[in-house]
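Nothing in this text is a laboratory measurement; each read-out follows from the coordinates by a stated rule. Everything quoted here is computed from the prediction, not taken from an experiment. Ideal geometry is used to build each Cβ from the backbone, glycine not excepted, and the neighbour counts take in all protein chains shown.
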Amino acid sequence: MKIVVIGASAGGSKALAELLGYLSASFPLPIVVVKHHKSGDEENIAEWLNRRVALDVHIAEDKEPFRPGSVMLAPPDYHLLVGHGEAELLMDEPVSHARPAVDVLFESAAFIYGDQAVGVVLTGASRDGAKGAEDIRAAGGRVFVQNPDTAEVSVMPRAALGKSDKGNAMELDCLATKLVELAND
């Protein structure tokens, strides 16, 4: 089974709402998200997204199994990793000045899911996610990036594109269409 891992930072709540809003409740893949946020905001973000999208959005719990049509958000101050069919939470040191870190999520997805990992990098003001995106590509997985020219903050998507992946930068509606196509492959 494929898994979708998403990383976002500055401007990410709005981008997540738009991207996830294009997906139906019957989307057949689990979605796991790291969004940089201030501690204490995560419940508000989950509730806010649940009012705007058809998918079930909630804060991940350790050892929680992945489910189709479900969006797990990283809790505050924990790295969220992809385990074999379940979420894993760790309190290791911050990576790229962040905990949770997008790179940690993406690296675990590449390691566990290999070519079945689908990474998505959205708006953000750091380079977090660039290394993890390379790991997913190296494992044979796919990486898609919000168009940096229309992202609220372009640093994160530009870093994730690297030198070789300009063709996988797209608007959020096209990105959602691509996710549905990959899910149905």
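Could you tell me which trypsin sites (Lys or Arg not before Pro) in region 1-92 are loop residues by DSSP with no more than 12 other beta carbons within 10 angstrom of their beta carbon? Working shown, then result.
On the way: sites: LYS2, LYS14, LYS35, LYS38, ARG51, ARG52, LYS63; in loops: LYS2, LYS38, ARG51, ARG52, LYS63.
Counting only loop positions with at most 12 other Cβ atoms within 10 Å, the trypsin sites (Lys or Arg not before Pro) in region 1-92 are LYS38, ARG51, LYS63.
Think of the chain as having a plus end and a minus end, set by charges on the Cβ of Lys, Arg, Asp and Glu; of ALA117, MET72, VAL145, VAL145 sits farthest toward the positive end of this dipole.
With +1 assigned to the C-beta of every Lys and Arg and -1 to the C-beta of every Asp and Glu, and no other charges, what is the dipole magnitude of region 3-183 about the Cα centre in debye, to the nearest 20? The partial results should precede the final answer.
Details: 16 positive and 26 negative charges, 106 e Å.
Once rounded to the nearest 20, the dipole reads 500 debye.
With a cut-off of at most 14 other beta carbons within 10 Å, and DSSP calling the residue loop, which GluC sites (Glu not before Pro) in region 1-65 qualify? Please list them. Can you show the working numbers first?
Working: sites: GLU18, GLU42, GLU43, GLU47, GLU61; in loops: GLU61.
Taking region 1-65 and a limit of 14 other Cβ atoms within 10 Å, the loop GluC sites (Glu not before Pro) found are GLU61.
For region 84-185, applying the loop criterion from DSSP together with a ceiling of 14 other beta carbons within 10 Å to the trypsin sites (Lys or Arg not before Pro) yields LYS163. Each listed q (0.10 Å⁻¹) maps to a log10 I(q)/I(0) for the chain from the Debye sum over equal C-alpha point scatterers, namely -0.31.
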